[in-house]
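Novice: This is the structure I want to talk about, given as structure tokens.
Readers should treat all values here as calculations from the given coordinates under stated rules, not as data from a laboratory. All figures in this text were calculated on a predicted structure; none of them were measured in a lab. Neighbour counts are summed over all protein chains in view; Cβ atoms, including those assigned to glycine, are modelled from backbone coordinates with ideal geometry.
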Amino acid sequence: MTGPAEFELVVITHDRIVFHGQVVSVVVPGVSGSIGIMAHHTPIVASLGRGILTVYSADGSESEWMVNLGLLEVSANAASILVEEISEISGQEGPVPPG
């Protein structure tokens, strides 16, 4: 039995990597409402507003951050989120590559 499909997610600010790892879904605050992303999502570029970014991992855990303004880009089973401001609400920051 296989688990849920995963995709690569990276969340960054102008000065650091906040999250980088494999996830099953992410919900972001789009300027016109929430946007949910799962594995193999259609390519998209969207502006983000102020709200909660929620990341769901394959082990059932979730992490939440309050974000303010940003950009979401999804393609080739990967998502990149660039945010202007971010602060952790709950959970733990995911694995970040060394360096």
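Novice: What distance in nm separates the two pseudo spin-label positions at Met38 and Asn68, each 7 Å out from Cα along the beta-carbon direction?
Specialist: Distance between the two pseudo-spin positions: 3.4 nm.
Novice: For the chain, modelled as a Gaussian network with Cα springs under 10 Å, which listed residue fluctuates most, Ser57, Ser34, Ser80?
Specialist: Ser34
Novice: How many percent of Cα pairs in the chain exceed 17 Å? Display every interim value, and only then the final one.
Specialist: Working: 2184 of 4851 pairs.
Within the chain, distances greater than 17 Å cover 45 percent of Cα pairs.
Novice: Can you tell me how much longer the chain between Glu88 and Arg16 gets when fully stretched, taken as 0.36 nm per residue apart minus their C-alpha distance, in nm with one decimal?
Specialist: Details: separation 72, 0.36 × 72 = 25.92 nm, distance 1.38 nm.
Extra length from Glu88 to Arg16 when fully extended: 24.5 nm.
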